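I am attaching a structure below and will ask some questions about it afterwards.
No lab work stands behind these numbers, since they all come straight from the coordinates. Note that the coordinates shown come from a computational prediction; the quantities given were computed from them, not determined experimentally. Note: ideal-geometry Cβ built from the backbone for every residue, glycine included; neighbour counts use all protein chains shown.
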Amino acid sequence: MGSSMIGVTNYFSRFFNSAWLTGPIFDKELRVSSRRKRNYVLRSLYLGFLSVFIAVVWISAVKYEGTDAFQRSRMSVAGKTIISTIVIFQFLATQLLAIIMLSNSISDEIYHRTLGTLMTTPINSFQVVMGKLLSKLVQLILLMGISLPLLAIVRVFGGVPWGYIISSFFITLTAVIFAGSLSLFFSISSRRSYVVIIKTGFTLGILYLFLPVAISVLVDFRYFLVGGLLAGNTYDSAALLFNPFSMMQSKTITMLSPTGIGGTTLWYFWPFHCFIMLIASSIVLGISVKIVRRVALNQACGQLDLATKIGRKLKRKKAAKSEETTDNIRRVRGRPVLWKELRAPIIKGDDARNSYIGFVIALIALFLTYLSCYVNRVLDYSQTHIGYVLLFGTIGTIFTAILSAACITSEKESSTWPILLATSMDDWDILLGKGIGVIRRILPIWFFLAFHLTLFVMIRAIHPIAIIQLLMIAVWVVVFVCGSGLYFSTLFKRTISAVVANLGFVVFLWLIIPMLLGLTAAINDDHDMVSGYLSFHPVVQSVIVVEYTSGGSKSRASVSELLYVWPINNRFGAGKTTLILFVNIVLCISAGVFLAWRAKCRFRRKIF
C-alpha cells in the first residue's frame, strides 16, 4: 500500500513538474541569457523608448491651459490615450523582438553539429523546441512586465477598464508565441538569421494582410457572384478571430469610444481568438518537433541533416544544368566580389525559386488591394496613394537595413571573412562589391514603389514630377541605410546584433528624435527646431510630395501650378521643392558614404 502511494505521488509530481516540458535546455538558455549584456541593454532601451512615447502622448493629451476642473476632466482622456499607446507599442515591439530572438534558435544547434549530440542524452526533440521557445518567451514577458506598473498607475486616471488591459496582454502574448513559433520553424532550414526574419515577416504579411484583403475583395463582389446571399459583415468579423492586429484594433477602438465597432458576438470574444492562436502555434511547434527529431537523428547517425541535403540537391541540379553547356567552368570576370554578389540569389543561402514565388504572391496581393480600392472608389484620393507610398517605403527601408547589416556578418558566421581578407583584393573592392550586391538584392522590393507610381502616372492619378521627387528620396534613403548597415555589419560578429543595431539606428533617427524634439517644442512652445528637422525626414518628405501631386486636379496641373506646404509653414513651388530634396540627397548620401568608409576602416579589426 505504501509503495503504491509513493508511486502515485511520484507520478503526479512528475506530471506537475515543468521539467518534462522544458528540460535542461530551458535552464541552460536562461543561464546564458542572464550573462549576456545585450539582454540588459535591450530592457533599458525598451523602457527608454516606452518612456519617450508616454511623455509625448502625455504632453499632447493634457493641455496645461484652462481651469483645474478642465484639467481634471482631461485626466480620463489622457489615461485612455497613454494606455492605448503603451499597449500598441508593446504589441508591435514584442512581436518584432520574438522574430529576431528566435531566428537562430535551432540553426545554431544544427550547424554547430550539437543537435545530434543532444539525441544521445535523455533530452528529446520536444524539450529542445519548447526549451528554446520558452526561454526567449521569458525574456519577452519580462519586457511586457516592465509596462504593467505604468499601466496600473495610469489607470488611476479613470476611463480604462481592467478588461482592456487583461485582453490586450493575452492578445499580445498569443501573437508573440505564434510569431516566435514561425521564426523557430524557419530557423530549422535556414542558417542565416536575416533569411529567417524575412521569411517570417513575409508569412505573417500573407496571414495578416493578404488573406484579409483577399476575403474582403471576394465579399465586395458577392452580389455579382452569388446574388447577395453572403453576409459580408459576418466574413469581415470572422477575420478578427485569425488576426491579432484586427482584434487589438477592435478592442482599442471600443475602449477609446464605447460606441465604436465592438460587439458581444463570438467574433469579438478575445479568449476564443487567443485559443485559436495557441492552436495555430501548437501546430507549427508540432511540425518543428518532428523536423528537429529527424535532423537530430540524422546527425547522431552521421547522416546529412536537412539543410545539407537541400544544399547538396541544389548543387547537383546546378551541376547537371552546367554539364549541358559546352563550358562547365564559370569564368570570373571583373571584380570577384562584385561578380559573386551580382550572381547570388536575392536571399543568399536560399533557393532563388522561393524569391520568385514570393514576388509573384506580393504582386497578386497588390492587385487585390487595387481592386478593393477601385470598388470603394478611393483610387483618386491622395490619402490612398500616401498609404501605398509609405507602405512600400517602409518595407523597402526594412529590407535595406536587414540585408546591408547581414552582408559582412554572414561572411563572419561562415568563417569565410578571414579568407576573403587574405586575398589580393583591395578593401575598396570588397566594400564596393558588398554595397552593390545589397542594392541589387533590394531592387525588387523597391520595384513596387516604382510600379505604383508609374501605373498611376499613366492613368493620370499622380503628377509625373512625383516620380522624380520620390526617386530622389528613395535613393538617399537606400544609400544612407546601406552605409549604416555596412558599418554595423563590421562592428558586430553576429547577424542578429547587426540587424537589431541598424534597425534601432533607423528608429532612433526617424522616430525617437522627432518625438523628443516634439516633446521639447511642446514644453518650450518653440516649433522651429522640430519643423526644420522634419523637413529632412523621409516620411514627411514623401507625404508632402504625394499629397500635393496626386488626386483631383493636382495630378493634371502644370508644374508651375503645383504648391507644396512644408513643416516650416512655407509654400514652395515644384522647383524649390526639388532643390530642397536635392540638397537633402547630397547631405544624406555624403553621410551614407562616410559610414561606408568607416566600415572599410574596420575591415581588418577583430577579424576572428
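Below 17 Å Cα-Cα, how many Lys pairs turn up in the range 333-608? Only count pairs eight or more apart in sequence, or on different chains, if you could.
Counting lysine pairs in the range 333-608 gives 13.
State the extension gain, in nm to one decimal, for the chain segment bounded by Ala450 and Ser33, taking 0.36 nm per residue of separation less the distance between their alpha-carbons. Numbers along the way, then the final one.
On the way: separation 417, 0.36 × 417 = 150.12 nm, distance 4.33 nm.
Difference between extended and current length: 145.8 nm.
What is the spin-label model distance, in nm, from Leu297 to Ile436 if the labels are put 7 Å beyond Cα along the C-beta direction?
For the pair Leu297/Ile436, the computed spacing is 4.9 nm.
What is the extension gain from Ile88 to Leu371, computed as 0.36 nm multiplied by their sequence separation minus the C-alpha to C-alpha distance, in nm to one decimal?
Working: separation 283, 0.36 × 283 = 101.88 nm, distance 2.94 nm.
So the chain would gain 98.9 nm between Ile88 and Leu371.
Give me the distance in nm between label points sitting 7 Å out from Cα along the Cα-to-Cβ direction at Tyr111 and Thr520, one decimal.
Simple spin-label model gives 4.2 nm for this pair.
Please name whichever of Gly145, Ile123, Tyr194 sits farthest to the positive end of the charge dipole of the range 109-214, dipole taken about the Cα centre and charges placed at Cβ: Lys and Arg +1, Asp and Glu -1.
About the Cα centre, the residue reaching furthest to the positive side is Tyr194.
Can you pull the one-decimal nm distance between simple spin-label points at Leu211 and Ala591, each 7 Å off the Cα toward Cβ?
Distance between the two pseudo-spin positions: 4.0 nm.
Out of Ile512, Cys601, His537, whose Cα points farthest toward the positive end of the dipole of the range 333-608 (charges: +1 Lys, Arg; -1 Asp, Glu; placed on Cβ)?
Final value for the positive-end residue is Cys601.
Taking the Cα centre of the range 333-608 as origin, work out the dipole magnitude from +1 charges on Lys and Arg Cβ and -1 charges on Asp and Glu Cβ, in debye rounded to 20.
Numbers: 24 positive and 14 negative charges, 184 e Å.
For the range 333-608, the charge dipole is close to 880 debye.
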